[in-house]
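For reference, the structure discussed in these notes is given below.
We did not get these values from a lab; they are worked out from the coordinates using the rules stated. A quick note: this is a predicted structure, and the numbers were derived from the prediction, not measured. Neighbour counts run over all protein chains shown; Cβ positions are idealised from the backbone, glycine included.
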Amino acid sequence: MSVELGLRPAAARRPVRRLVTRSPSAVFGGLVVGGILLVAIVATFWTPYGPLTISTGKELLPPSAAHLMGTDEYGRDVLSRLMSGTDLTLLSSVGAVLIAGLVGVPAGLLAASRRGAVGETIMRLADLVYSFPALLAAITLVAAFGASTVTATVAIGVASIPSFARVTRSAALPVLASEYVQAARAYGRSPLAILRRHVLPNVAPFIIVQVSLLLSVTVLAVAALSYLGLGTPPPTATWGGMLENAQSYLYQDPLLAVWPGLAIALSVLGFNALGDGLRDLLDPTLRGRS
Amino acid sequence: MLPAEDAPDRRDLAFLRFAARRLVATILTLFGASVLVFAVLNILPGSPAQVILGTQATPASVRELTIKLGLNQPLPLQYLHWIGGLLSLHLGNSYISGQPIAPELGAALAVTGPLVALGLLFGLAIAVPTGILSALRHRRASGTWLAAATQVGIAIPNFVLGILLIIVVAVDWRLLPASGFIPWSQSVGGALRSLVLPAISLGLVEGAILSRYVRTAILGVVQADYLRTARAKGLPARRALVRHGVRNASVPVLTVLGLELSGLIIGAVVIEAVFTLPGVGSLLLSSVANRDLITVQDIVMLVATVVVVTNLLVDLLYRVVDPRLEVGG
């Protein structure tokens, strides 16, 4: 943790400018992610038109004041569908990261504190899942259980467990070896209390960084699965599904493919930049590494 | 680090021991993966025979086909039958068409193999020059711009890039085909032309990721003591970098290259869907859609094997390039 007591007064005077100069990447990522969150929240309550409302006679309209991003092949408003897709993408991605974190973090903590057979087994299992490509795992699960939002979310979540377990374990190991933990142990604190009091607070920043980086991966995976027809089935609006639809109309209306493509790329970029920036702030010695 | 007086044969022995251990771990991983894949695809109720024959089939004919396919046997026996077949390269017959899977898979590999190879070439052609350039100019604006450009490149998913390329190159300029594949037997040039856009979509993103690692590796080398020594000896900057820098920088890059290769193989599944190429990915997706589970099972295992074995080879190569690494580790 970087505290830098000497810099505190200056930092207190110009916190924003300091953040911008120290990690432009975190600021940019934070703004993009904030924007996406805002769109998702608004879309939960309001979209300009119903994302599923078909209007005949208004098919494949170019962008206009009434339809800012135009309409698709069924006359549905593209902006409304994009907004409602934001909602679904975020829910699915956050769900996947939640699954990965709720299993991966305890597993990593356990592997760090029990260095014997238990820890070894956990990490070998993590290696096994890690070596199996996430998309392939998702395709296998969809083949067995059918395409749905839940299958896609669970598949991506399970495939992401190892990265949480690894990060948590490697962050917890030095803490567990530290003198204050030894002191706490000598004092007679229970292992669980030590994990809660000392290990978790020190590991938390690494987990937060991992959440942001992983969200960029899950957003991409959710979009890819729905593009392949293995995610949320139509007519529900998904970014990947919109892209897939738009591909049939590339000659008439290429813009139709540009909007969802832009949304996917921007979200991936945002979460990635936020994670990278937070990591730089957390540990300046890692700056520039990937 | 190994002591200098270490006899070469002792080092070879240590390397062999390391290789053997990694090989065993790889085999265990593949075994675990095969059990998982088999379990997931066979645990659900619902008979494949029913799927093949459709809802109109009589119970008697369903039972007959179930026995013929060996699906009435206990699951462990079915697993052994399947894995034994894979090991002796008998992939079995498709549940849907009844045709053997192997020839179909072979034809698909003739598309996916070259696609991945071209993607890798393209990725390297981007990553190495941009990585080196942005490292050497890391204090100047041009280097920062290059690094930012690779950040954006990483964020563009390959399938989005593929569709953008179709819009610009195929639809607007009408330079290259937007989709489909001309078989190698019909026209080699035509086949290559149909692979250009897919390979670019596949390679650009991987190249952008790789570029960042090349940049980091070169940055580490540029600031290293031995490079300063080489320059002090009077070696011109460029020659010092080529003679001393490249080999040292290649070690971390090599690892990432292995990861990239598995990224390319998986990425090919999506890219084949974008460009409707009749490759392994398309075969996998159509088998999923048809619920042809035996074909899904075979292809998933094939792709997983290629990915895991690639990682093994990269791991071994890593130790060959950099003998300093603790072989026992």
> So, in nm, how far is label A:LEU262 from label A:ALA193 when the simple model puts each one 7 Å beyond its Cα toward the Cβ?
Replying inline: 5.7 nm
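Provide the packing ranking of A:37-45, B:303-311, i.e. peptides ordered by the mean count of other C-beta atoms within 10 Å per residue, highest first.
Working: A:37-45: 14.2, B:303-311: 19.3.
Taking the mean over residues of other Cβ atoms within 10 Å, the ranking is B:303-311, A:37-45.
Let me know the mean shielding of A:237-244 by other chains, meaning the per-residue number of their Cβ atoms within 10 Å of its Cβ.
Numbers: counts 0, 0, 1, 4, 0, 0, 5, 4.
Counting Cβ atoms of other protein chains within 10 Å of each residue's Cβ and averaging gives 2.
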> Hey, what D do you get for segment B:9-64 in µm²/s if you plug the Kirkwood alpha-carbon radius into Stokes-Einstein at 20 °C and 1.002 mPa s?
Replying inline: 142 µm²/s
>> Among B:LEU254, B:LEU164, B:LEU285, which one shows the highest mean-square fluctuation when chain B is modelled as a Gaussian network with alpha-carbon springs under 10 Å?
In response: B:LEU164
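Average projected area of the Cα convex hull of segment B:50-164, in nm²? Don't skip to the answer; put the middle values down first.
Details: hull surface 50.3 nm².
Projected area, direction-averaged: 12.6 nm².
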> Going by how many other Cβ atoms sit within 10 Å of their own, how do A:ASP276, B:ASP225, B:ASP315 line up, fewest first?
Replying inline: B:ASP225, B:ASP315, A:ASP276
>> Once you place label points 7 Å from the Cα toward the Cβ at B:LEU175 and A:ALA177, how far apart are they in nm?
In response: 5.4 nm
> Per residue, what volume in Å³ does the Cα convex hull of segment A:22-85 take up?
Replying inline: 92 Å³
> Semi-axes of the equivalent ellipsoid of the protein assembly as shown: what are they in whole Å, largest first, if each equals the square root of 5 times a C-alpha gyration tensor eigenvalue?
Replying inline: 39, 33, 29
> At q = 0.27 Å⁻¹, what is the log10 ratio I(q)/I(0) for segment B:91-135, with the Debye formula run over Cα points and no solvent?
Replying inline: -0.88
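Would you mind ranking A:SER93, B:SER250 by Cβ crowding within 10 Å, fewest neighbours first?
Details: A:SER93 25, B:SER250 17.
Going from least to most buried by this count: B:SER250, A:SER93.
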>> For q values of 0.12, 0.13 Å⁻¹, compute log₁₀ I(q)/I(0) with the Debye formula on a Cα-only model of segment A:143-290, without solvent.
In response: -0.67, -0.75
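Kirkwood hydrodynamic radius of chain B from all distinct Cα pairs, in Å?
23.1 Å
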> In deg cm²/dmol, rounded to 500, what helix-only [θ] at 222 nm does chain A give when every DSSP H run of at least 4 residues adds -39500 (n - 2.57) and the total is split over its residues?
Replying inline: -23500 deg cm²/dmol
>> Tell me the Kirkwood radius of chain A: reciprocal of the mean inverse pair distance over distinct alpha-carbon atoms, in Å.
In response: 21.2 Å
>> Calculate the FRET efficiency for B:THR144 and A:VAL94 from the Cβ-Cβ distance with a Förster distance of 25 Å, rounded to the nearest 0.05.
In response: 0.15
>> I need the calculated FRET efficiency for the pair B:LYS68 and B:LEU89, taking r as the beta carbon distance and R₀ as 22 Å, to the nearest 0.05.
In response: 0.50
> With a ≥ b ≥ c the root eigenvalues of the C-alpha gyration tensor of segment B:46-95, is it rounded (a/c under 1.5), prolate (a/b larger than b/c) or oblate?
Replying inline: prolate
> Tell me, what are the semi-axes, in whole angstrom and largest first, of the equivalent ellipsoid of segment B:79-226 as set by the roots of 5 times the Cα gyration tensor eigenvalues?
Replying inline: 38, 23, 13
>> Quick check: residue separation of B:LEU77 and B:ILE182 times 0.36 nm, minus the Cα distance between them. What number comes out in nm?
In response: 33.6 nm
> Say a paramagnetic label sat at a point 7 Å from the Cα of A:TYR251, along Cα to Cβ; which residues of segment B:174-191 have their backbone N under 20 Å from it?
Replying inline: B:174-182
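Calculate the mean, over all residues of peptide A:123-135, of how many other protein chain Cβ atoms lie within 10 angstrom of the residue's Cβ.
On the way: counts 0, 4, 1, 0, 4, 9, 4, 2, 12, 11, 11, 1, 7.
Taking the mean over all residues of the peptide, I get 5.
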>> So for chain B, averaging the separation of alpha carbon pairs under 8 Å that are six or more residues apart and normalising by length, what relative contact order in percent results?
In response: 25 percent
> Rounded to whole Å and sorted largest first, what semi-axes of the equivalent ellipsoid does the C-alpha gyration tensor of segment A:205-256 yield via the square root of 5 times each eigenvalue?
Replying inline: 29, 12, 7
> Taking N as the number of residues in segment B:142-283, what is its alpha-carbon radius of gyration divided by 2.2 N^0.38 Å?
Replying inline: 1.34
>> Take B:ARG239 and A:LEU200, extend 7 Å from each Cα along the Cα→Cβ direction, and tell me the distance between the two endpoints in nm.
In response: 6.2 nm
